[in-house]
Amino acid sequence: MNIVLVSPNFPPNYYHFATALRRLEANVLGLGDAPYHELRPELRAGLTEYYKVDNLSNYEQLVRACGYLTHRYGKLERLESHNEYWLETDARLREDFNIPGPRPAQLDVLKRKSRMKRVYQRAGGDVARGKLVRTLRMAQDFAAEVGYPLIAKPDVGVGAANTFKINNDTELQRFFEIKPSVVYFLEEFVQGELYSFDGLADQEGEAVFFTAHHFNRGIMDVVNEDLDMYYYSLREIPEDLYAAGMRALRAFDVRERFFHIEFFRTPERLLLLEINMRPPGGLTLDMFNYANDIDVYQGWAEMVLFGKFSMSYSRPYHCAYIGRKWRRPYRLDFDAVLQQYGSLIVQHEPISPVLAPAIGEYGYVLRSPELPVLQEAIEAILALR
């Protein structure tokens, strides 16, 4: 099978996708803008060929690259970046080269937050009240209806970029004076806890692997207030979270994809925040493996090539990610963290500057069968002097 991996070097841990496919004798065709010699050795070993373009944002160059790869290897049978930033580009290339997978029309529902919420509501799910606003008057009317605070997000956007919390009329007016010239989606502010339902769906839309995570705060706060953050996996998934996650998978017809679905939990409600047809970010795929003693990269490769996910799992561990930022005066320095919690730490590394505003500049991954053990470590590692 000929499989194109777009930007296979980012995020850095995604080289595992290439090596997993190569072990199963797929033709792994890399397409990126990084020089070949800068790719890590494991990635170079996992690629059958690497086609370098000057700029991944230049669609004509990507079309020429896929044309060349088709001429040399035959029909391209899959194309993936697993990266939110390139999902629309992936979809266009699939449509132009008749490659299986999501096409632009399917992604349009997911990239527009207003449409995403309507689809989930029609499926019987719960969402925060929201409204597309094009004028200050429309925004003021919505504020009068639901009250402050409000959350303002571009209707089409990636991550927490250009997302704002608005607390009063003055801030709302100021927002309209400085906001980018795109349509914004306003939502009522929900005071709740952030959870995710994550996993992998097969070609029939069945969730062959799934798990859940609890976050200490949302990405918007981490980015806008320059905070550190943590999250951890759950060994047992609450029934309502499982039901809501499965409802979302059916509503959006997720097939042969990783998924990352975020919810806010209040004492009374479980509300969809967003659904993403991609893996959760950062080191979360590695956390899948540590929490379950599996290789989800290999499982994905088997599913794509052979149509099955053969790995069994039982969630024997909670797995936590802790992201620290250099400017914050932590009580424990790097050596002290490793000395005191090295028995729990299974991975630690600097984080790419592209991801650092959202998940910290240095990341630690820890695991334990006991959640209180992880919670004590999290508190100590993030404690300030």
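Laboratory data are not the source of any read-out in this text; all were calculated from the coordinates shown. What you are looking at is a predicted structure, and each value in this text was computed from that prediction instead of being measured. For neighbour counting, all protein chains shown are included, and Cβ atoms are generated from backbone atoms with ideal geometry for every residue, glycine included.
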Query raised in the report: What is the magnitude of the charge dipole of segment 242-337 about its Cα centre, with +1 placed on the Cβ of each Lys and Arg, -1 on the Cβ of each Asp and Glu, and no other charges, expressed in debye to the nearest 20?
Result: 400
**Report entry** Selection from LEU24, LEU39, TYR50, by position along the positive dipole direction of segment 2-102 (Cβ)
**Finding:** LEU24
Query - Order by protection proxy (mean Cβ within 10 Å, highest first), peptides 144-153, 282-291, 329-338, 73-82 - result: 282-291, 73-82, 144-153, 329-338
Query raised in the report: Around ASP90, what is the net charge, scoring Lys/Arg as +1 and Asp/Glu as -1 over all other residues with Cβ under 12 Å from its Cβ?
Result: +1
**Report entry** Antiparallel content of DSSP bridges confined to the chain, in %, to 5
**Finding:** 80
**Report entry** Longest to shortest principal axis, alpha-carbon extents of the chain, angstrom
**Finding:** 61, 52, 39
Report summary line: In the neighbourhood of GLN140 defined by beta carbon distances under 15 Å, the net charge of the other residues (Lys, Arg +1; Asp, Glu -1) is -1
**Report entry** Lys, Arg +1 and Asp, Glu -1 on Cβ, resulting dipole of segment 2-102 about Cα centre, debye, nearest 20
**Finding:** 340
Report summary line: In debye to the nearest 20, the charge dipole size for the chain, taken about the Cα centre with +1 at each Lys and Arg Cβ and -1 at each Asp and Glu Cβ, equals 700
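Can you give the relative contact order of the chain as a percent, counting alpha carbon pairs under 8 Å and 6+ residues apart? All intermediate terms of the calculation are to be shown ahead of the outcome.
Values: 710 pairs, mean separation 49.2, N = 385.
This gives 13 percent for the chain.
What does the charge count around PRO279 come to, taking other residues whose C-beta lies under 12 Å from its C-beta (Lys +1, Arg +1, Asp -1, Glu -1)? Intermediate values should be presented prior to the final figure.
Values: positive: ARG257, ARG278; negative: GLU80, GLU84, ASP198, ASP286.
Summing Lys and Arg as +1 and Asp and Glu as -1 gives -2.
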Report task. Specify which residue in the list MET303, TYR341, PRO280 is farthest towards the positive end of the charge dipole of segment 193-382, using unit charges on the beta carbon of Lys, Arg (+1) and Asp, Glu (-1), about the Cα centre. Result -> PRO280
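What does the C-alpha gyration tensor say about the overall shape of segment 2-102? Classify as rounded when a/c is under 1.5, otherwise prolate if a/b is larger than b/c, or oblate. Don't jump to the answer; show the numbers that get you there.
Working: a/c = 1.42, a/b = 1.23, b/c = 1.16.
Rounded, since a/c falls under 1.5.
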Query - Lys/Arg +1, Asp/Glu -1 at C-beta; segment 129-188 dipole; positive extreme among VAL146, ASN162, LEU172 - result: ASN162
